[in-house]
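Please read the structure below before turning to the comments.
The values are calculated or read from the model by the stated rules, or taken from the named source; none is laboratory data. Source: prediction; values computed, not measured. Note that each Cβ is placed from the backbone with ideal geometry, even for glycine, and that neighbours are counted across all protein chains shown. The accessibility values were calculated without ligands, DNA or RNA, using every heavy atom of the protein model including side chains. Shrake-Rupley method; radii C 1.70, N 1.55, O 1.52, S 1.80 Å.
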Amino acid sequence: MDFTFSTTGTIRQQRGGAAQLGRLLADTPATAGVRRLLLVTDPGIMRLDLAGPALADLAACGIAVTLFDGVEPDPKAQTVRAAADLARDCGAQGVIGFGGGSSMDVAKVVALLARSDQPLEEIYGVGMAHGRRLPLVLVPTTAGTGSEVTPISILTTGTQEKKGVVSPLLLPDLALLDAMLTLGLPPAITAATGVDAMVHAIEAYTSASPNNNPISRQLAMQALTLLGANIRTAVKQGADIDARENMALGSMLAGQAFANAPVAAVHALAYPVGSLFHVPHGLSNALVLPHVMRFNAPACGPAYAELAPHLFPDMDMARDSQAITADLIARLATLNTDLGLQPGLRSVGIGVDDIDRLAGDAMNQTRLLVNNPRPLTLEDARAIYRAAL
């Protein structure tokens, strides 16, 4: 089969690496000569001083840093424009995204807009961005989005609709995985982001994309092995650095998988939940995951069954794929509850009267729905949301 697999140029896993960020930049060809940086993050990161050691090392290495710490959950297009304006005004020679998926997604587009003549409106979609970008470094502080290895940025437009910028230009020059940054994550965020990474791997493995490829499938299986074995420990014993590191690695591998074999209906139905009701992305995915999988099972049950023992090694594999898949979906639903996640859409303020609006917005996510293993109609979307209540 023909396929293309692309990923981040350099990936570095190093405990305490963020405190040596200036020195790591000097060792990375794309950033070795950079002396003025824009660091993109969110208020929570600054309040917790997670970026403090990195900022100190950058200063010690003679690198001037301008801080943009205004990233919000489900980042808005206007936030990206403001950060890009700041990058131009301060003469930034490079951009660092430091934080969760929102901060990294903003940093990606800022690195592009700060050096490009294209307005933001022209680069939404797949392959619409052109030209060059500033050197880009991404440092995740959660284990879930995999944004540090994806060519995708998801932004919320003025209409509350989520749109994606998808381009190889968004892949950073360096991704730094420092599990020490995740030690203080609350259990709820650890759980939601961990399930988000599982969704990435599951959807990549079963993606109907013509670029679904053997590399992505192997990465997805390895990601689920790491995530399944460590998520409970990471949530319930948050100071366990080995579990945290395995979650970070699993999240990154899942990110590599879906960056090349794109995600589908779980994300398409989760996006309106996030943008309309301000539910965190990982939790939005967790709430609809079992219900989308039940819908998809007639089309990809055998593939789901192949993934089952990676998530749950004690799964009885002496049954037919239909029984294994049903067991897998039930266990994933139970896992959400075990991890302390909300049990359904009603628990985040969504009711029956919201279903039509959610379904209508979900059907606009054609970039994602085309990858679903089973075609999904507006009425199918309504039925899935009803089941997820």
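Being under 17 Å from P168 (Cβ atoms), among the aliphatic types (A, V, I, L, M) and in contact with a strand residue (DSSP E or B) (Cβ under 8 Å, 6 or more places away or on another chain) is the filter here; which residues of the range 113-136 pass it?
I123, V126, M128, A129, L134, L136
When you look at R217, is it of a type in the set (D, E, K, R), closer than 26 Å to A299 by Cα and either out of contact with any Lys or Arg (no Cβ under 7 Å at 6 or more places or on another chain) or touching a residue at least 40 places away in the same chain (Cβ under 8 Å) (or both), yes or no?
So R217 passes the test.
Please specify each residue of the range 280-328 satisfying the condition of being open to solvent by 40 Å² or more (accessible area, probe 1.4 Å) and among the hydroxyl-bearing types (S, T, Y).
S321
Kindly indicate whether T141 is crowded, with 23+ Cβ neighbours inside 10 Å, of a type in the set (S, T, N, Q) and under 16 Å from T8 (Cβ atoms).
Taking the combined requirement at face value, the residue does not satisfy it.
Given the conditions (1) hydroxyl-bearing (S, T, Y); (2) within 17 Å of A259 (Cβ to Cβ); (3) surrounded by fewer than 21 Cβ atoms within 10 Å (Cβ to Cβ), and given that S207 satisfies all but one, which numbered condition is not satisfied?
(3)
Give A234, A254 a once-over and let me know the one that is buried (at least 23 other Cβ atoms within 10 Å of the Cβ), among the aliphatic types (A, V, I, L, M) and more than 28 Å from Q365 (Cα to Cα).
None of the others qualify; the one that does is A234.
State all residues of the range 345-381 that are outside any helix (DSSP H, G or I) and within 16 Å of G274 (Cβ to Cβ); if no residue qualifies, say none.
G349, I350, N364, Q365
Quick test of your reading of the structure: M180 fulfils all but one of (1) at pLDDT below 95; (2) open to solvent by 10 Å² or more (accessible area, probe 1.4 Å); (3) under 21 Å from the mean Cα position of the chain (by Cα). Name the failing condition by number.
So M180 meets the others, but not (1).
How about the range 198-220: which of its residues are in a helix (DSSP H, G or I), of a type outside the set (S, T, Y) and within 19 Å of T4 (Cα to Cα)?
Of everything in the range 198-220, those that are in a helix (DSSP H, G or I), of a type outside the set (S, T, Y) and within 19 Å of T4 (Cα to Cα) turn out to be H200, A201, E203, A204, P214, I215, R217, Q218, L219, A220.
Take the range 56-81 and flag every residue that is open to solvent by less than 50 Å² (accessible area, probe 1.4 Å) and either closer than 27 Å to T193 by Cα or in contact with a His (Cβ under 6 Å, 6 or more places away or on another chain) (or both).
Answer for the range 56-81, where residues must be open to solvent by less than 50 Å² (accessible area, probe 1.4 Å) and either closer than 27 Å to T193 by Cα or in contact with a His (Cβ under 6 Å, 6 or more places away or on another chain) (or both): F68, G70, V71, E72, D74, P75, A77, T79, V80.
Which condition breaks for A191 when tested against (1) touching a residue at least 12 places away in the same chain (Cβ under 8 Å); (2) over 14 Å from E245 (Cα atoms); (3) open to solvent by 10 Å² or more (accessible area, probe 1.4 Å)?
Exception for A191: condition (3).
Any residue in the range 148-160 that is open to solvent by 10 Å² or more (accessible area, probe 1.4 Å), farther than 24 Å from T233 by Cβ, at pLDDT below 95 and not β-branched (V, I, T)?
Yes, there is a match, as at least one residue in the range 148-160 is open to solvent by 10 Å² or more (accessible area, probe 1.4 Å), farther than 24 Å from T233 by Cβ, at pLDDT below 95 and not β-branched (V, I, T).
Of the conditions (1) among the β-branched types (V, I, T); (2) within 26 Å of D74 (Cα to Cα); (3) open to solvent by 10 Å² or more (accessible area, probe 1.4 Å), I215 satisfies every one except a single condition; which number is it?
(2)
Restricting the search to the range 330-374, which residues are within 22 Å of Q160 (Cα to Cα), of a type in the set (V, I, T) and open to solvent by 60 Å² or more (accessible area, probe 1.4 Å)?
Across the range 330-374, the qualifying residues are V352, T366, V370.
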